[in-house]
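Below: one structure, written as structure tokens.
The values are calculated or read from the model by the stated rules, or taken from the named source; none is laboratory data. As the structure is a prediction and not an experimental result, all values here were calculated from the model. With ideal geometry, Cβ positions are generated from the backbone for all residues, glycine too; neighbour counts draw on all protein chains shown.
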């Protein structure tokens, strides 16, 4: 499959599995799963195309269940789901990519999930830079994750390596 078609299909899956399953007549279960056969019929995609999108997605956004009969997005939902991710001990620092225009609000309020269920943090600066560059010239924030955890903040690690937490107060940002 050409890269352009791959990106188009991945964006369509993102919309359906993270934000608007009802737009194609689907309903995610409480943990965000949907039957692969139902998804394929709803988005008019073949199983081979779906498997290629899942396998080639550089951010590993999607996952099949153990039986291969269900699929979900690994994180980033704006619809109500409970991903049942285990609590994890974070490394000393995590990172968040943003743009300069967002800094005044972040300095005042910290990082908030906005329309998502959790704040997304990257394990390294390069990943945060890629995330931040989607909206312009990136600014990388360092999060004192171990200090946060010691203060009682809870972290989860998604299947694709994205760290999730409810919010990051400004005092943990540099």
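Odds and ends about this structure:
- Which numbered condition residue 100 fails, given (1) modelled with pLDDT under 95; (2) under 15 Å from the mean Cα position of the chain (by Cα): (2)
- Residues (closer than 24 Å to residue 86 by Cβ and part of a strand (DSSP E or B)) located in segment 100-150: 111, 119, 120, 121, 122, 143, 144
- Taking the criterion of being outside any helix (DSSP H, G or I) and either at positive phi or in contact (Cβ under 8 Å) with a residue 40 or more places away in the chain (or both), the residues of segment 30-59 that qualify are 30, 31, 32, 44, 57, 59.
- Any chance residue 89 is exposed (fewer than 11 other Cβ atoms within 10 Å of the Cβ), modelled with pLDDT of 85 or more and either within 19 Å of the chain's Cα centre (by Cα) or within 15 Å of residue 162 (Cβ to Cβ) (or both): yes
- Check on residue 76, on the phi > 0 side of the Ramachandran plot and either touching a strand residue (DSSP E or B) at 6+ places or on another chain (Cβ under 7 Å) or touching a residue at least 40 places away in the same chain (Cβ under 8 Å) (or both): yes
- Just one of (1) assigned to a helix (DSSP H, G or I); (2) surrounded by 13 or more Cβ atoms within 10 Å (Cβ to Cβ); (3) without any contact (Cβ under 8 Å) to a residue 40 or more places away in the chain fails for residue 153. It is (1).
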